[in-house]
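What follows is a set of notes on a single structure, which appears directly below.
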Amino acid sequence: MSAADIIKDIKARKFKPVYLLHGEEPYYIDQIIHYMEANILNDMEKGFNQTVLYGKDTDMATIMNAAKRYPMMSDYQLIVVKEAQDLKWAKETEGSSKTAEFVLSYFEKPLPSTILVLGYKYANFDKRKKIYKAIDKNGVIFQSELVRDYKLAQWIDELVKEKGYKIAPQASALMAEYLGADLSKIANEVEKLLLNIGKETTIDTDIVQKNIGISKEYNVFELQKALAVRNVLKCNQIINYFADNPKANPMVMVMANLNAYFSKILKYHYLQNKGDAAKELGVNPYFVKDFETASRSYNLNKIFDIISLLREYDLKSKGVDSTGNTTDGELLKELLFKMLH
């Protein structure tokens, strides 16, 4: 089930006795738990029937004892275990100990009036465990996977559309580049941005730059465009700005972006059917023409040289083979010169 499916069922009052929410991406796990806490019980019922526990502060025996209680003046009780990855799962749920048998027996026959939610974040639950199979049979398992970098812009597009707004592909790409893969951070920035515009307005790069604090002229997105046409002056202006503002433009982010960008140009060179470029590169069709332009500016030999340079300077930025106290800004300037000449 997707997060939206689970929330839809909760809204329809279709409950399962156990929910295992696990995976490397915490955003959807937090979203589901927040909705459950706010909507399963009313304010009067919550006082007696809503319990929130934390994995590092509790154990499975305590959770099971709570789960076996019956609700007071309510059809259900809700027990939410946050940070469930911190529980001693191996010790308390596997093997032949009395605790393990006690725990497994509950998940094999959970109390229908208890809604037990396990928020297991930043990792995937071991599907080989007996407890996993028992929950899969009697409850709901949701796996929250990371959104890959190349899909972030699409994720932003869908989030904005879901809220009834429109966003230009350049704007979602710019947000993806600057905000990174933290979905919670992205969602918060989108919420703040939407407060300042009407639904009839299409979010463009100007709106993003104004509301998220990104320089209009000197950003990674503009650097890509300047590199595509080998605009030496513009590239140097942007890199000099990055060097003067390292906190807003950390080298690790710039390097990751450049590596992804030139890897896509390399891939574009090898595409037999350029008509499939958007799908093959994992980009919005709007940006295909930029990669076509860049492929004319950089032949295959130059692309291989640049990718090699990026690896070399990534190591230098981490202190490998660096000379003295060279700053990140100086390394970026040196790297850019070699890339363009």
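The values are calculated or read from the model by the stated rules, or taken from the named source; none is laboratory data. Because the structure is a prediction, the values reported are computed rather than measured. Note: ideal-geometry Cβ built from the backbone for every residue, glycine included; neighbour counts use all protein chains shown. These accessible areas exclude ligands, DNA and RNA; they are computed on the full protein's heavy atoms, side chains included. Shrake-Rupley method; radii C 1.70, N 1.55, O 1.52, S 1.80 Å.
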- [ ] Report those helices (runs of 4 or more DSSP H) wholly inside segment 170-228 carrying at least 1 residues which are under 20 Å from Asp290 (Cβ atoms) and among the aromatic types (Phe, Trp, Tyr).
- [x] 220-228
- [ ] Any chance you could count how many residues in segment 185-212 are open to solvent by 40 Å² or more (accessible area, probe 1.4 Å), over 27 Å from Leu281 (Cβ atoms) and either touching a residue at least 24 places away in the same chain (Cβ under 8 Å) or among the β-branched types (Val, Ile, Thr) (or both)?
- [x] 2
- [ ] State all residues of segment 47-77 that are of a type in the set (Gly, Ala, Ser) and in contact with a Leu (Cβ under 8 Å, 6 or more places away or on another chain); if no residue qualifies, say none.
- [x] Gly55, Ala66, Ala67, Ser74
Task: Check on Leu159, of a type in the set (A, V, I, L, M), open to solvent by 30 Å² or more (accessible area, probe 1.4 Å), in a helix (DSSP H, G or I) and in contact with a helix residue (DSSP H, G or I) (Cβ under 9 Å, 6 or more places away or on another chain) - done: no
Open item on the list: Looking at Lys68, Lys88, can you tell me which residue is within 21 Å of Ala134 (Cα to Cα), surrounded by fewer than 19 Cβ atoms within 10 Å (Cβ to Cβ), of a type in the set (D, E, K, R) and in contact (Cβ under 8 Å) with a residue 40 or more places away in the chain?
Closed with: Lys68
Task: Matching entry among Asp30, Asp5 (being farther than 20 Å from Tyr122 by Cβ, among the charged types (D, E, K, R) and either assigned to a helix (DSSP H, G or I) or in contact with an Asp or Glu (Cβ under 6 Å, 6 or more places away or on another chain) (or both)) - done: Asp5
Open item on the list: I'm trying to understand the selection: among the residues of segment 33-80, which are acidic (Asp, Glu) and in a loop (DSSP other than H, G, I, E, B)?
Closed with: Asp59, Asp75
Task: Positions within segment 146-156 being outside any helix (DSSP H, G or I) and of a type outside the set (D, E, K, R), in sequence order - done: Leu146, Val147
Open item on the list: Step by step: first the residues of segment 121-145, then only those that are under 23 Å from Gln31 (Cβ atoms) and in a helix (DSSP H, G or I), then the one that is least open to solvent (accessible area, probe 1.4 Å). Which residue is that?
Closed with: Ile135
Open item on the list: For segment 251-284: of the residues being among the polar types (S, T, N, Q) and assigned to a loop (DSSP other than H, G, I, E, B), which is least open to solvent (accessible area, probe 1.4 Å)?
Closed with: Asn284
Task: Flag if Lys151 is open to solvent by 90 Å² or more (accessible area, probe 1.4 Å) and modelled with pLDDT of 95 or more - done: no
- [ ] Hey, could you check segment 174-206 for residues that are modelled with pLDDT under 85 and in contact with a Phe, Trp or Tyr (Cβ under 7 Å, 6 or more places away or on another chain) and say which is farthest from Glu25 (Cα to Cα)?
- [x] Leu174
Task: All positions within segment 4-24 that are open to solvent by less than 10 Å² (accessible area, probe 1.4 Å) and in contact (Cβ under 8 Å) with a residue 40 or more places away in the chain - done: Ile6, Val18, Tyr19, Leu20, Leu21, His22, Gly23
Open item on the list: Being hydroxyl-bearing (Ser, Thr, Tyr) and either more than 20 Å from Lys130 (Cα to Cα) or modelled with pLDDT of 90 or more (or both) narrows it down to one residue among Thr99, Thr51; which is it?
Closed with: Thr51
